[in-house]
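Written below as structure tokens is the structure these notes are about.
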Amino acid sequence: MVELSGILGVSVVALGMVLTPGPNMIYLVSRSITQGRRAGMISLGGVALGFMMYLLAANLGLSVVFLAVPELYIAVKLAGAGYLAYLAWNALKPGGISVFDPQDVPHDSPRKLFTMGLMTNLLNPKIAIMYLSLIPQFIDLHKGHVLLQGIILGSFQIVVSIAVNMAIVLAAGTIAVFLSRRPSWLKVQRYMMGTVLGALAVTLAIDTSGPAVTS
């Protein structure tokens, strides 16, 4: 039902997006460093639930809503671009900090960690754009069972994203210690992250394409 090329295409897209610094990575890394790997894994559970909620919503016709009301789609995309620009400025501004620079933040309860992970993912513009515009392009309408195809392809995206994020959670502390002993590398990492976020914000803002239809 689903072509191998479609699965590989979605997996490559998912890998490229999860490796691009964004809200999910920033939140998971900060929690893993400041509160430990257990907190990072609990937060990742919330992120995973967010992926599944987006997957179901997109395949049940959320993209059709955006197609019917293009102004809403544009508003969501511009809001996402603005949020990414804000994150980029925080990284690039004088006195900015790196995502791997440990911060003194209060320790949250498991429930709050899970909820924050969920909300961070639901408000992540990269994820919204991926489900509404990218994954549908790998669906073959001629094979039928569009809903099932979308769920299968989205499931591969979730597996790739969770696997990479889990590796980031487990390695965050080690990376932070490594970079803390090399201040110049920490600064380079911060500037690189800010540049990538800024470029993504500009790309989102100037993109004039509309939402893709999944069914």
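The values are calculated or read from the model by the stated rules, or taken from the named source; none is laboratory data. Everything quoted here is computed from the prediction, not taken from an experiment. In this analysis, Cβ positions are derived from the backbone assuming ideal geometry, glycine residues included, and neighbour counts consider all displayed protein chains. Please note that ligands, DNA and RNA were not included when accessible areas were found on the heavy atoms of the full protein model with its side chains. Shrake-Rupley method; radii C 1.70, N 1.55, O 1.52, S 1.80 Å.
Looking only at region 135-146, which residues are in a helix (DSSP H, G or I) and open to solvent by less than 80 Å² (accessible area, probe 1.4 Å)?
Step one: filter region 135-146 for residues in a helix (DSSP H, G or I), giving 135-138, 141-143, 146.
If the condition is that a residue be in a helix (DSSP H, G or I) and open to solvent by less than 80 Å² (accessible area, probe 1.4 Å), then I135, P136, F138, V146 are the ones that fit.
Could we say that Y131 is of a type in the set (S, T, Y), surrounded by 18 or more Cβ atoms within 10 Å (Cβ to Cβ), under 17 Å from the mean Cα position of the chain (by Cα) and at pLDDT 70 or above here?
Working: of a type in the set (S, T, Y): yes; surrounded by 18 or more Cβ atoms within 10 Å (Cβ to Cβ): yes; under 17 Å from the mean Cα position of the chain (by Cα): yes; at pLDDT 70 or above: yes.
Yes, satisfied.
Please indicate, with yes or no, whether at least one residue in region 188-204 is at pLDDT 80 or above, open to solvent by less than 60 Å² (accessible area, probe 1.4 Å) and not polar (S, T, N, Q). It would help to see each step written out before you state the result.
Restricting attention to region 188-204, the residues satisfying the condition of being at pLDDT 80 or above are 202.
From the residues that got through so far, the ones that are open to solvent by less than 60 Å² (accessible area, probe 1.4 Å) too are none.
No; the residues of region 188-204 include none that is at pLDDT 80 or above, open to solvent by less than 60 Å² (accessible area, probe 1.4 Å) and not polar (S, T, N, Q).
So, restricting to helices (runs of 4 or more DSSP H) that lie completely within region 6-96, which ones have at least 2 residues that are within 13 Å of the chain's Cα centre (by Cα), modelled with pLDDT of 75 or more and surrounded by 17 or more Cβ atoms within 10 Å (Cβ to Cβ)? Spell out how you get there, then give the answer.
Details: elements: 23-35, 37-57, 63-68, 70-92.
Output list reads 23-35, 37-57.
Kindly indicate whether any position in region 147-163 is modelled with pLDDT under 75 and either open to solvent by less than 50 Å² (accessible area, probe 1.4 Å) or not aliphatic (A, V, I, L, M) (or both).
Initial filter on region 147-163 (modelled with pLDDT under 75): none.
There is no residue in region 147-163 that is modelled with pLDDT under 75 and either open to solvent by less than 50 Å² (accessible area, probe 1.4 Å) or not aliphatic (A, V, I, L, M) (or both).
Return the residues of region 167-187 that are crowded, with 16+ Cβ neighbours inside 10 Å and at pLDDT 75 or above; say none if nothing qualifies. It would help to see each step written out before you state the result.
So the first thing to find is which residues in region 167-187 are crowded, with 16+ Cβ neighbours inside 10 Å, and the list is 168-169, 172-173, 175-176, 179, 186.
Passing the criteria: I168, V169, A172.
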